[in-house]
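Engineer: A single structure is presented below for examination.
The numbers here are math on the coordinates, done by the rules we state, and not lab data. Just so we're clear, the structure is a prediction, and the values are computed from it rather than from any experiment. We place every Cβ from the backbone using ideal geometry, glycine too, and count neighbours over all the protein chains shown.
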Amino acid sequence: MTKMEKQLLQIMENNSRISVKEAAALLGEKEIDVANKLKELEEKNVICGYNTMIDWDKTGIDMVTALIEVRVTPQRSKGFDDIAERIYKYPEVNTAYLISGGFDLMLILEGKSLKQVSEFVTNKLAVEEEVLSTKTHFILKRYKDHGTVMAGREHDKREKVTA
Amino acid sequence: MRKDLLSEKTVALKPSGIRKFFDIVSEMTDAISLGVGEPDFDTPWHVRKAGIASLEQGKTFYTSNSGLKELRQEIDNYMQRTMGLSYDADKEILITVGGSEGIDIMLRAMCNPGDEVIIPEPSYVSYVPCTIMAGGTPVTIDLQNENNFRLQPEELEKAITPRSKILILPFPNNPTGAVMERKDLEKLIDIIIKNDLYVLSDEIYAELTYTGNSHVSIAQLPGMRERTVIVNGFSKAYAMTGWRLGYACGPAEILEQMRKIHQYCIMCAPTTAQYAAIEAIKNGDEDVVMMRDSYNERRRFVLHMLQEMGLPCFEPLGAFYVFPCVKEFGMTSEEFATRLLEEEKVAIVPGTAFGDSGEGFLRISYAYSVESLREALSRLRSFIERLRAEKRA
């Protein structure tokens, strides 16, 4: 990975809506080169998608987020991948990680209500043969997500004009 | 009230052009400013923690006049690893209250009445007043746009008289963003040595150099270490402006006198800031790189936008300013900046705040988010398009 590619990824991660023209200006590169590079990074699945950070708390729409720790029995020759795939294919599962330490999979789920999340856990997750146990944590408040402070941008604390 | 209440010398000093502009801007709460001369980053968290920890441990006393020995040793290490220069932590390094104190006391330590101090302009606002207060005579050089605001040997030669004593080298430069590369400095050293000049090298923006090579100090060149006082600090490199911490490195005989003035006026630089600075200079290299890369992106972004609106600007390779030329509009810098503020609510400092040779130029600071830069520069663009249309009509 070149320094330019790394910088481009950082720029996109920070604001994926930036135009190719502006990204090129920031990098001091030609627009066409940046456009091609983005396409290449998308094709290689280095850039896997473009998401929007939404604070659902501010919308009045009911939404709960849960972190679920899952302990599973790995399968011979397939390890965790098979069971992980069976679990992450559920549309309710937003994020799935394989984790080191006291449990194996960490899932992030978004549901309309506590009830909906617990139904998923009891009816879909816990019944999987390889699932040994689950532990569900509900998110009470998001302070910071993906490097963004949810409370909003801090105002400029500097004086307006200085030498 | 007595007629001689105030010092004539002080009363005669011109108030800073920045101050005047600040007063106008501060009444306009909805203005977007590109007028700030300081980083937009908060001080790195580990540095702030070090300051906080020192307070928790009750390190709330004076330090030695010169500053904490550990900090002076770290500064020596830093000078060695960045520029290959070594300074004696006891005799050749002094911790000051910002780079500004270093400028002041260096001039006071060296000036006798009538000694001339050569000051290339546009440059930082304090050199001329500090020279006057020190009893010296300021001799300014008008740097030229066509030289990318770098000091030329002929310009220096022209400014020299038998009374010349000190040359101030303010590079990377505020407000122009100009740098002096090794080849530019090399052309000056024969003249400096032949005329027995001493150099006050203000290197506060040294870490913000975008030449592809790191900053070069004139003290690195042959015969120059012994006639140069380097003034630097933590404000710009580590985003620590409010901590007020700087340092001076130079020959022991000059530093000894500077220390004396510092001892009587200041006692010592703020203790908390000194502890934070140890952390910054020891473990802050990565922060500096991150900030420099980020400024560099924004520098290119702003230059690109200026180019698109057809506003001529040389490529500045240091600090966080660009210095575009607005002479085509037939207004003074101040008129331009005032109208821009009134009509588009964008605050940009007129070049004349940094010396007469800033006439016809603006200082745009790019220590702002890309969003603010985009918005402010689009407003600048509509403003100049309107001016051009007026001119055609």
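Engineer: For the range A:122-163, list residues with backbone N below 20 Å from a point placed 7 Å from the Cα of A:T73 toward its Cβ?
Structural biologist: Once the point is set 7 Å along Cα→Cβ of A:T73, A:122-135 turn out to lie under 20 Å by backbone N, inside the range A:122-163.
Engineer: Which FRET efficiency value, to the nearest 0.05, do you get for A:E154 and A:E29 by plugging their Cβ-Cβ distance into 1/(1 + (r/R0)^6) with R0 = 30 Å?
Structural biologist: Efficiency for this residue pair is about 0.45.
Engineer: Count charges around B:R259 for me, please; just the other residues with Cβ under 13 Å from its Cβ, Lys/Arg as +1, Asp/Glu as -1.
Structural biologist: -2
Engineer: Between beta-carbons, use under 13 Å as the cut-off and find the net charge around A:V131, counting Lys and Arg +1, Asp and Glu -1.
Structural biologist: -2
Engineer: So, one more: Can you check what the net charge comes to around A:D82, using other residues whose Cβ is under 13 Å from the Cβ of A:D82 (Lys, Arg +1; Asp, Glu -1)?
Structural biologist: Summing Lys/Arg as +1 and Asp/Glu as -1 gives -2.
Engineer: Would you kindly derive the ³J(HN,Hα) couplings of the range B:377-393 from the backbone phi angles with the Karplus curve 6.51 cos²θ - 1.76 cosθ + 1.60 (θ = phi - 60°), listing them in order in whole Hz, with x for Gly and Pro?
Structural biologist: 6, 5, 5, 4, 4, 4, 4, 6, 5, 5, 4, 5, 5, 4, 5, 5, 5
Engineer: In nm², what is the average projected area of the convex hull enclosing the Cα atoms of the range B:45-283?
Structural biologist: Averaging across all directions leaves 12.2 nm² for the Cα convex hull.
Engineer: After finding the eigenvalues of the alpha carbon gyration tensor for chain A, what semi-axes result from the square roots of 5 times each, listed largest first in whole Å?
Structural biologist: Largest first, chain A gives 37, 24, 14 Å.
Engineer: A follow-up question, please. Rounded, prolate or oblate: pick one for the range A:3-43, where a ≥ b ≥ c are the square roots of the eigenvalues of its C-alpha gyration tensor, a/c under 1.5 means rounded, and failing that, prolate if a/b is larger than b/c, else oblate.
Structural biologist: Judged from the Cα gyration tensor, the range A:3-43 comes out rounded (a/c under 1.5).
Engineer: While we're here: So if I place +1 on the C-beta of Lys and Arg and -1 on the C-beta of Asp and Glu, and nothing else carries charge, what would the dipole magnitude of the protein assembly as shown be about its Cα centre? I want it in debye, nearest 20.
Structural biologist: 560
Engineer: Inside 10 Å of the C-beta atoms of A:81-94, what's the mean count of C-beta atoms belonging to other chains?
Structural biologist: What the average comes to for A:81-94 is 0.
Engineer: Tell me which of B:F361, B:L377, B:I348 sits at the most positive position along the dipole axis of the range B:339-380, charges placed on C-beta atoms (Lys, Arg +1; Asp, Glu -1).
Structural biologist: Going by the charge dipole, the pick is B:L377.
Engineer: Taking N as the number of residues in the protein assembly as shown, what value does Rg over Cα atoms divided by 2.2 N^0.38 Å take?
Structural biologist: That works out to 1.17 for the protein assembly as shown.
Engineer: Between A:A126 and A:D82, what is the spin-label point distance in nm, taking each point 7 Å from the Cα along the Cα→C-beta axis?
Structural biologist: It is 2.5 nm.
Engineer: Please give the helix B:98-110 orientation as an angle from the longest Cα principal axis of chain B, in degrees from 0 to 90, rounded to the nearest 10.
Structural biologist: Roughly 60 degrees between the two axes.
Engineer: So if we plug the beta-carbon distance of A:E5 and B:N213 into 1/(1 + (r/R0)^6) with R0 = 30 Å, what FRET efficiency do we get, rounded to 0.05?
Structural biologist: Step by step, r from the Cβ atoms, then E = 0.85.
Engineer: If you don't mind, another one. Please find, in a Gaussian network model of chain B (springs between Cα atoms separated by less than 10 Å), the residue of B:Y87, B:Y264, B:Y275 whose mean-square fluctuation is greatest.
Structural biologist: Looking only at B:Y87, B:Y264, B:Y275, the biggest GNM fluctuation is shown by B:Y264.
Engineer: Once the Cβ-Cβ distance between A:T162 and B:R374 is put in as r, and R0 is 22 Å, what FRET efficiency do you end up with, to the nearest 0.05?
Structural biologist: My answer for the efficiency is 0.50.
Engineer: Continuing with the same structure: Sort the following peptides by mean Cβ neighbour count (other Cβ atoms within 10 Å, averaged over residues), highest first: A:69-80, B:123-134.
Structural biologist: Output ranking for A:69-80, B:123-134: B:123-134, A:69-80.
Engineer: Between the range B:325-340 and the range B:228-268, what is the separation of their alpha carbon centroids in Å?
Structural biologist: A separation of 37 Å, based on Cα centres.
Engineer: Specify the angular offset, from 0 to 90 degrees and rounded to the nearest 10, of the alpha carbon long axis of helix B:252-265 from the longest principal axis of the alpha carbons in chain B.
Structural biologist: That helix lies at roughly 80 degrees to the long axis.
Engineer: Just grab the label-to-label distance for A:S100 and B:T29, each label 7 Å out from Cα along the Cβ direction, in nm (one decimal).
Structural biologist: For A:S100 paired with B:T29, the spin-label model returns 5.3 nm.
Engineer: Restricting to DSSP H runs of at least four residues, report the calculated mean residue ellipticity at 222 nm for chain B, -39500 (n - 2.57) per run over all residues, nearest 500 deg cm²/dmol.
Structural biologist: That calculation yields -13500 deg cm²/dmol at 222 nm.
Engineer: If you build a Gaussian network model of chain B, linking Cα atoms that sit under 10 Å apart, which residue out of B:K158, B:K49, B:K69 swings the most?
Structural biologist: B:K158
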